[in-house]
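Peer 1: If you scroll down you'll find the structure; I have some questions about it.
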Amino acid sequence: MAWDEWNQLKAEASGASSTRMQLNRVPDEQDGKSLSTNSQGDLKVVNEHLAKIGDHAFGLYNRLWREGRVAEATTDSAASDLSGQGFDLGGALSHVSIRWASALADLMDACAHISNHMDYTKNAHAGDEIFIERRMSGIATLDAGFDERASEPGKPNGVYGEKEDKGDKKDGK
């Protein structure tokens, strides 16, 4: 490859259409359509969605408790009756019943875990919001105290309120 050709390829590569790496970002628009669901890029937790998921998990837990155990009791009864009559099928049915009870317990535990986790998450996010609001309001107040635009230079900043002169208020006078 000739030296001139190499310089030409380098010049083309460094042109205006060079590709650059983007990290942690989705392009804002593609073919005139926004790809981002939230233009601010903030994490948004909707408590109603968390509550709905938790309610469904709790409802499923209650249905499994009512209806899943009925099948277990019926199967146990049939297994015991068949075993008492000398059928080998009774033992197999008893094994199925034990496996059913184990699977049912696992599924109920998972539903309870989901329901409890949604309640916890909802409360944790509410606490995080309060914490962030307090921090941000404190920063805004502090920032306003240093901002010369809050009051004229050389005059007290009104953000902090009026100072009370403690020397003139002795003995309630």
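Peer 1: Per residue of segment 82-95, in order, report the coupling 6.51 cos²θ - 1.76 cosθ + 1.60 (Karplus, θ = phi - 60°) as ³J(HN,Hα) in whole Hz, putting x for Gly and Pro.
Peer 2: Each residue of segment 82-95 in turn: 5, 5, x, 8, x, 8, 5, 4, x, x, 5, 5, 5, 4 Hz.
Peer 1: For a quick check of understanding: with a 1.4 angstrom probe and all protein chains in place, what accessible area in square angstrom does Trp6 have, to the nearest ten?
Peer 2: 110
The values are calculated or read from the model by the stated rules, or taken from the named source; none is laboratory data. Predicted, not measured: the structure shown is a model, and the values here were computed from it. These area figures cover heavy atoms from the full protein model, side chains too; ligands, DNA and RNA do not enter into them. Shrake-Rupley method; radii C 1.70, N 1.55, O 1.52, S 1.80 Å.
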